[in-house]
2 protein chains.
Amino acid sequence: MLTIRDIAAKAGVSVSTASRALNNNPRISQATRERIQALADAEGYLPNYNAKNLTAGEANAVGVVFPTANHTLPENPFYIDLLRGINAQLVQRQYVLSVAISKTPEDLLKNVKSMVAQGKIKRFILFYAQADDPITNFLRQHKLRFVTIGHPADHAEDFFVDNDNLQAGIGGATYLLDQLAVKHPVFVESEHDWGYEQQRREGYERVTAEFNVEPLTCKLGELNRVRLFIKQHPEIDGIMATDDYNAIEFYRLLREQYDISRFPVVSFNHSLPDGLTDADLHSVDLFPEKMGSATVALLFSDREPLESPTPGQIKIPYEIK
Amino acid sequence: MLTIRDIAAKAGVSVSTASRALNNNPRISQATRERIQALADAEGYLPNYNAKNLTAGEANAVGVVFPTANHTLPENPFYIDLLRGINAQLVQRQYVLSVAISKTPEDLLKNVKSMVAQGKIKRFILFYAQADDPITNFLRQHKLRFVTIGHPADHAEDFFVDNDNLQAGIGGATYLLDQLAVKHPVFVESEHDWGYEQQRREGYERVTAEFNVEPLTCKLGELNRVRLFIKQHPEIDGIMATDDYNAIEFYRLLREQYDISRFPVVSFNHSLPDGLTDADLHSVDLFPEKMGSATVALLFSDREPLESPTPGQIKIPYEIK
DNA sequence: CTGTTAGCGCATTCAA
DNA sequence: TTGAATGCGCTAACAG
């Protein structure tokens, strides 16, 4: 294995000079810096992270924390895209993506603690934002840097990246009413009252007010209740759902009672293959990969100043497809 | 931070003795070993991975390689469960899970190379099995240990973990014909000819032969072709599909032409929430978490002998729910 | 601007 | 069985 000593020897300089050159330390002449970098490049020298981390007292790794099983389901496809966006940025910074994922909160906390204590990981990304969370409590307490995906429920000072769900709700509803010419759109949400659902609903309600149409919301759950709801609202001629699953489920129940075709639906976060429904499915794309990139930008904003207007948070725009 | 020197000092022994005690080195007395371990435990000592890795010349990390975007879609939910199973095992071994995920094969290879060269990672898990793959070529060439999820297309000597897709196909088909009393089951697969689909189909065909029913296969794809297929086969009274997506899509097309209810369907890998279809959906559970665990067992089988009958491969059983 | 020296935390050689 | 000394690869303090 090629070490920095080898490079120093071949360049005829001391090890510390080589180190300085390779790390762009200002205390070195432009000439030798370039000469040594070129040499290292030519020889294919690559630094040993473990050694670097040992001296730095900090690992070149970011811990990505997945939620425990209970609230994972609807988000799965999103996670993979997030990982892509995150890793693309980490690679550029010579960082590595380490995952913490466990079934119970206790195990998860252990996992994170070990990353901190043994692995010297000092930066984390959380794939959830939950009030009164042991992980975030731990990270805050140890003054470690972290960014959550989604708006933190408590602790307004936490850094986070989120979709601009209100705007996306407005955009989706406008598209439904304007482009798709729907007169009686129903807003369909899960039974979980997720924060993003509330924000998208708020957007929907603002638009219906503006268009002078009656807002109508259906929370999924017990099937017969939903069926009754549908029976009572035969006027419905379009759906805005908080995600593809909810869209498809509601549409299916609608089809039970009415024989419709090419029914306009706007949903978020296109996460399912086409072919699962014959609805006219449009989607508000929330750019999970961009979210991932933005997360990393925020995570390193102590080193690389950010041009975000609101320090500590980034909102990702949307696009309708 | 508490180091091994601190422990040695408090125990009144030298650093090397402390090191040996903590690593269960045989060259130490049972008594001092236990005494020092108890002390370290009480003091809350935790070793610094970077230092350990530096001396060991190898990182306590396993690289998990995701496929590039083109063949990711149908597997997403599966990946998360795999990660859970893998990480549970890694934590036990004091290992960390590092992810390589990129959009292009070139970037992915760079990612992996950096893990090897700079990160000193020597063990990998691949979330795919593909013939003529640059990543596996690289790993083989450098004699690094890796296990693939899924049967390797070439290189029969590679280690892998897979579902017992043939048996699962037999089990699913038997369930459909026997328990669900279906007389004319259709086998539905994607247009991709994945290896696991072929194996499940083989299972299906064996069972139909045994039950003396005509095997019937439909490959999804162009909608009107599938519609025609359905029209030509009004006898179909049950579906066996290679995954939930295919099951729901085919069932939807079937519903276009026939007004049926409580239609029996057997699928694999239950990956979608209920409520997306009104079919009577049964699922062959393939235990992705167990797969993850088994992968790690195989990855470390050089250190921890395995009781698997077939060295280098593990097949995960199934269960119908 | 560059070189010498020391040290990060740990495992391991060599002596005792 | 234990201890002292050395080195893993790299960075940084201190000299020059």
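The values are calculated or read from the model by the stated rules, or taken from the named source; none is laboratory data. These numbers come from a predicted model, not from an experiment. A quick note on method: Cβ atoms are made from the backbone with ideal geometry, for glycine too, and the neighbour counts reach across all protein chains shown.
Numbers below:
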{"read-out": "Subset tally (residues that are buried (at least 22 other Cβ atoms within 10 Å of the Cβ), assigned to a helix (DSSP H, G or I) and at the interface with chain A (Cβ under 7 Å from one of its Cβ atoms)) for region B:87-113", "value": "2"}
{"read-out": "Hits in region A:49-75 (condition: more than 7 Å from DNA strand D (Cβ to nearest atom) and in a helix (DSSP H, G or I))", "value": "A:Y49, A:N50, A:N53, A:A69, A:N70, A:H71, A:L73, A:P74, A:E75"}
{"read-out": "Checklist (1) at pLDDT below 95; (2) within 10 Å of chain A (Cβ to nearest Cβ) applied to B:A131, failing item", "value": "(2)"}
{"read-out": "Among (1) surrounded by fewer than 15 Cβ atoms within 10 Å (Cβ to Cβ); (2) within 14 Å of chain B (Cβ to nearest Cβ); (3) within 12 Å of DNA strand C (Cβ to nearest atom); (4) of a type outside the set (K, R), the one test that A:E43 misses", "value": "(3)"}
{"read-out": "Any hit, region B:129-140, residues being closer than 29 Å to B:V265 by Cβ, touching a His at 6+ places or on another chain (Cβ under 7 Å) and not in a helix (DSSP H, G or I)", "value": "yes"}
{"read-out": "Top-ranked residue in region A:1-40 [being in contact with a Phe, Trp or Tyr (Cβ under 9 Å, 6 or more places away or on another chain) and within 16 Å of B:G119 (Cβ to Cβ); ranked as nearest to DNA strand C (Cβ to nearest atom)]", "value": "A:T3"}
{"read-out": "Flag if B:G150 is within 18 Å of B:I316 (Cα to Cα), assigned by TED's automatic domain parsing to the domain that holds B:L90 and not aromatic (F, W, Y)", "value": "yes"}
{"read-out": "Test set (1) crowded, with 19+ Cβ neighbours inside 10 Å; (2) within 26 Å of B:Y79 (Cβ to Cβ); (3) within 14 Å of chain B (Cβ to nearest Cβ) - A:K120 fails condition number", "value": "(2)"}
{"read-out": "Evaluation of A:S14 against (1) within 14 Å of another protein chain (Cβ to nearest Cβ); (2) surrounded by fewer than 18 Cβ atoms within 10 Å (Cβ to Cβ) (one fails), failing number", "value": "(1)"}
{"read-out": "Failed condition for A:F127, given (1) under 17 Å from B:V96 (Cβ atoms); (2) of a type outside the set (D, E, K, R); (3) in contact (Cβ under 8 Å) with a residue 40 or more places away in the chain", "value": "(1)"}
{"read-out": "All positions within region B:220-251 that are among the aromatic types (F, W, Y) and under 21 Å from B:D285 (Cβ atoms)", "value": "B:Y245, B:F250, B:Y251"}
{"read-out": "Test: residue in region B:246-268 that is outside the structural domain of B:F66 (by TED's automatic domain parsing), among the charged types (D, E, K, R), surrounded by 22 or more Cβ atoms within 10 Å (Cβ to Cβ) and at pLDDT 90 or above", "value": "yes"}
{"read-out": "Any chance A:N53 is facing chain B (nearest Cβ under 7 Å), crowded, with 16+ Cβ neighbours inside 10 Å and at pLDDT below 95", "value": "no"}
{"read-out": "Within region A:203-237, tally of residues that are surrounded by fewer than 14 Cβ atoms within 10 Å (Cβ to Cβ) and of a type in the set (D, E, K, R)", "value": "6"}
{"read-out": "Entirely in region A:189-295, the strands (runs of 3 or more DSSP E) that have 1 or more residues that are in contact (Cβ under 8 Å) with a residue 60 or more places away in the chain and facing another protein chain (nearest Cβ under 10 Å)", "value": "none"}
{"read-out": "In region B:4-48, the residues that are touching a residue at least 40 places away in the same chain (Cβ under 8 Å) and more than 12 Å from DNA strand D (Cβ to nearest atom)", "value": "B:E43, B:G44, B:Y45, B:L46, B:P47"}
{"read-out": "Members of region A:304-321 that are loosely packed, with under 13 Cβ neighbours inside 10 Å and under 22 Å from A:L83 (Cα atoms)", "value": "A:E304, A:E319"}
{"read-out": "Selected residue (only one of A:R5, A:R84 is touching a Lys or Arg at 6+ places or on another chain (Cβ under 7 Å) and in a helix (DSSP H, G or I))", "value": "A:R84"}
{"read-out": "Residue list for region A:208-244, filter: within 14 Å of A:Q198 (Cα to Cα) and acidic (D, E)", "value": "A:D243"}
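Listed here are the residues, each with its yes/no results for (1) within 36 Å of the chain's Cα centre (by Cα); (2) of a type in the set (K, R).
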{"residue": "A:A21", "(1), (2)": "no, no"}
{"residue": "A:S29", "(1), (2)": "no, no"}
{"residue": "A:R35", "(1), (2)": "no, yes"}
{"residue": "A:A40", "(1), (2)": "no, no"}
{"residue": "A:L46", "(1), (2)": "yes, no"}
{"residue": "A:F78", "(1), (2)": "yes, no"}
